[in-house]
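**Q** Have a look at this one before I ask anything.
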Amino acid sequence: MSNMSLSVVIPVYNEKATILKIVDKVLALDIVKELIIVDDSSIDGTRELLKNTKFDNRVKAFFHEKNMGKGAALRTAFQAVSGNVVAIQDADLEYDPNEFKEMIKPIEEELADVVYGSRLSGGKPQRVHLFWHRVGNDFLTFMTNLLYNSTLSDMETCYKMFKKSVIDGIKIRSNGFSVEPELTAKILKNKSLKIYEMPISYYGRNYAEGKKITWKHGFGALWALLKYRVVD
């Protein structure tokens, strides 16, 4: 029997069409001890839907009074986790929570402190990426590896899993999407951590389907990579 207890955190903003579906997928996993949802002041009905839905006792929901961004939502969520392993799940259907069953194994076996789910390492179903998103991700991943002497294939992946002790040692300063490179920078700077990467499936959306990341976020990500190389 594993002694790992998994806490899954979901930051959500304007995902009324998918939030309950992804919650059901996460709660279907017997390895999940708790699910922490942070609504970042949604205005499309997501907030009301979450408040009016009766979940099982593994679910904790928090509601920001104003929209502050993904980083702020994760900061709220991480403060509430009680499991000894933490995983990040987006509120859309681009990522399959069933991947957590494989991702947790290197942590269970004491091989890893951190596991990244890579959309770009092959071996799992992949929806064809938007070209410029792929170029941007490849560039940011290259800069990450250059700056931090690493070999990641997908720095911007949502699927990051870590021992709770890892996230307890990180002070998140980013409020928006720059939280992704900030987390990665601070994890890679800690040379005592054992970091693994595993292939995952990816069912990406386009903008018509609700994708929120744009090319503008790439500049913030690059700045975060440079900034956290020398601070914190």
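**Q** Answer with yes or no whether Ser42 is crowded, with 17+ Cβ neighbours inside 10 Å and part of a loop (DSSP other than H, G, I, E, B). It would help to see each step written out before you state the result.
**A** Details: crowded, with 17+ Cβ neighbours inside 10 Å: yes; part of a loop (DSSP other than H, G, I, E, B): yes.
Yes: the conditions hold for Ser42.
**Q** Among the numbered criteria (1) buried (at least 22 other Cβ atoms within 10 Å of the Cβ); (2) closer than 26 Å to Ala72 by Cα; (3) not acidic (Asp, Glu), which one does Ala112 miss?
**A** (2)
**Q** Name the pairs whose Cβ atoms lie under 9 Å apart, with the first residue in region 43-59 and over 16 Å from Lys25 (Cα atoms), the second assigned to a helix (DSSP H, G or I), and 6 or more positions between them or separate chains?
**A** Thr46/Ile19; Leu49/Ile19; Leu49/Leu20
**Q** Among the residues of region 56-78, is there at least one that is of a type in the set (Lys, Arg) and under 19 Å from Ser201 (Cα atoms)? Step through it out loud before you land on a result.
**A** Here is the first cut: in region 56-78, the residues of a type in the set (Lys, Arg) are 58, 60, 66, 70, 75.
Add one more test, that the residue is under 19 Å from Ser201 (Cα atoms), and what stays is none.
Checking region 56-78: not a single residue is of a type in the set (Lys, Arg) and under 19 Å from Ser201 (Cα atoms).
**Q** Would it be correct to say that Phe177 is within 22 Å of Val81 (Cβ to Cβ), modelled with pLDDT under 95, buried (at least 18 other Cβ atoms within 10 Å of the Cβ) and of a type outside the set (A, V, I, L, M)?
**A** Values: within 22 Å of Val81 (Cβ to Cβ): yes; modelled with pLDDT under 95: yes; buried (at least 18 other Cβ atoms within 10 Å of the Cβ): yes; of a type outside the set (A, V, I, L, M): yes.
Here the answer is yes, as Phe177 does meet what is asked.
**Q** Spot the failing condition for Val59; the list is (1) surrounded by 15 or more Cβ atoms within 10 Å (Cβ to Cβ); (2) at pLDDT below 95; (3) more than 22 Å from Glu182 (Cα to Cα), and only one is missed.
**A** (2)
**Q** Additional query: Which pairs turn up if I take residues in region 18-30 that are at pLDDT 95 or above and part of a helix (DSSP H, G or I) and look for partners that are surrounded by 15 or more Cβ atoms within 10 Å (Cβ to Cβ) and of a type in the set (Phe, Trp, Tyr) with beta carbon separation below 9 Å, at least 6 apart in sequence or on another chain?
**A** Close Cβ pairs satisfying both conditions: Ile22/Tyr95; Val23/Phe55; Val26/Phe100; Leu27/Phe55.
**Q** Also, I was wondering about something else. Give me the pairs, please: first residue somewhere in region 76-95 and touching a residue at least 24 places away in the same chain (Cβ under 8 Å) and part of a loop (DSSP other than H, G, I, E, B), second residue anywhere and buried (at least 20 other Cβ atoms within 10 Å of the Cβ) and small (Gly, Ala, Ser), beta-carbon distance under 8 Å, and either six or more positions apart or on two chains.
**A** From residues that are touching a residue at least 24 places away in the same chain (Cβ under 8 Å) and part of a loop (DSSP other than H, G, I, E, B), the pairs are Val81/Ser7; Ser82/Ser7; Gly83/Ser7; Tyr95/Gly117.
**Q** For region 119-137, give me each residue that is of a type in the set (D, E, K, R), closer than 13 Å to Ser153 by Cα and either touching a strand residue (DSSP E or B) at 6+ places or on another chain (Cβ under 6 Å) or buried (at least 16 other Cβ atoms within 10 Å of the Cβ) (or both). Walk me through it before giving the result.
**A** Our first condition is that a residue be of a type in the set (D, E, K, R); within region 119-137, this holds for 119, 124, 127, 134.
Now drop any that are not closer than 13 Å to Ser153 by Cα, which leaves 119, 134.
Hit for region 119-137 is Arg119, nothing else.
**Q** Do you know which residues across region 113-157 are of a type in the set (Ser, Thr, Tyr) and within 15 Å of Glu180 (Cβ to Cβ)?
**A** Just the residues of region 113-157 that are of a type in the set (Ser, Thr, Tyr), to begin with: 116, 118, 121, 141, 144, 148, 150-151, 153, 157.
The answer is Tyr116, Ser118, Thr141, Thr144, Tyr148, Ser150, Ser153, Thr157.
The values are calculated or read from the model by the stated rules, or taken from the named source; none is laboratory data. Note that the structure is a prediction, hence the values are computed from the model and not measured. For neighbour counting, all protein chains shown are included, and Cβ atoms are generated from backbone atoms with ideal geometry for every residue, glycine included.
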